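Quick notes on the structure that follows.
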Amino acid sequence: MKKRAVRKRACQSPERNGFLAKIDELNAAACGGMPRPGYGEFGELPVPSGTLILGDPLQAIYRFEVAIEKIRSRRVMFRVEMREYPDGTLVPRKLDLEFEPNEKASRKRLIGSFGIDSGKLVIADKADVEAHWTDPGPDRIGVISTMEDQAVVRLLKKRLRLKVQKVDELETEIVGPVSEELEAAILAVLESTPRYADYPFMHFHVRTNSTFDRVNAVTGPGQFLAIGNQAKPELLVCQTGRGDGEYEVQCEFAGRVPIRASVVFIDDDE
């Protein structure tokens, strides 16, 4: 197991605890009441290279911050502890990774921590990610944000005679693939319009259905997803119970062989 830099966990303060308590209150109000403990399994993932990596999908393969190496069993089972709200909302509280469930641990230690800026954790075999992660993806879908209103859609239709189709209240898509030339023309219109000039990317972007695009679209507590453009191999996408933040990975060993690991998203002691 290679030595990795471990960032210190932020000290718990009354201000932070109060902030977390407020979030829990808001969640309870939005989800029908206080949650109860829940337990489940996401399933099993092959680890053919013997090295499992964990990190933010925004970082892709370039900066995944934690690696669990020398996995003898070449597979991992994911078990999850959750908060179950009355309206059915499930929020992961703790994720357990089991490599050798029947093996007795001789030691346990912190092996690293990772930062999350996307609200999701990705876990996959290292070699599979390196071979199949796609960025950009195979498509060029023009997405117009209608989060504020329909004004940007009307502007682009008028100036560039675009054909569009509404997806939902938040997004409208351009009909047909968007070429690099059309993308440049749309950005030029936005950059020349004072209302959109400062942050044109907030109003329009091209979605290529890259690995990150597909990971980012996942909803719910956790899901297996193809890494590349074929059905296999897969990765696990897991919602982080506190959203963005810093999370630690604790690992148990039998000698030098990792037998299980865990990530706590919501510490009830907080």
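The values are calculated or read from the model by the stated rules, or taken from the named source; none is laboratory data. Given the structure is predicted, the values throughout are model-derived calculations rather than measurements. Quick reminder, even Gly has a Cβ in these numbers, built from the backbone with ideal geometry, and neighbours come from all protein chains shown.
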For the range 47-82 the number of residues that are surrounded by fewer than 16 Cβ atoms within 10 Å (Cβ to Cβ), within 20 Å of the chain's Cα centre (by Cα) and of a type in the set (D, E, K, R) is 1
Within the range 205-223, track down each residue that is surrounded by fewer than 16 Cβ atoms within 10 Å (Cβ to Cβ) and either among the aromatic types (F, W, Y) or more than 26 Å from S179 (Cα to Cα) (or both). T219, G220
Answer yes if at least one residue in the range 36-46 is under 23 Å from the mean Cα position of the chain (by Cα), at pLDDT 95 or above, surrounded by 13 or more Cβ atoms within 10 Å (Cβ to Cβ) and under 16 Å from D268 (Cβ atoms), and no otherwise. yes
Matching residues in the range 72-118 - criterion: being part of a loop (DSSP other than H, G, I, E, B) and touching a Ser or Thr at 6+ places or on another chain (Cβ under 6 Å): F99, E100
The condition of being under 27 Å from the mean Cα position of the chain (by Cα) and surrounded by fewer than 18 Cβ atoms within 10 Å (Cβ to Cβ) holds, among P177, P194, only for P177
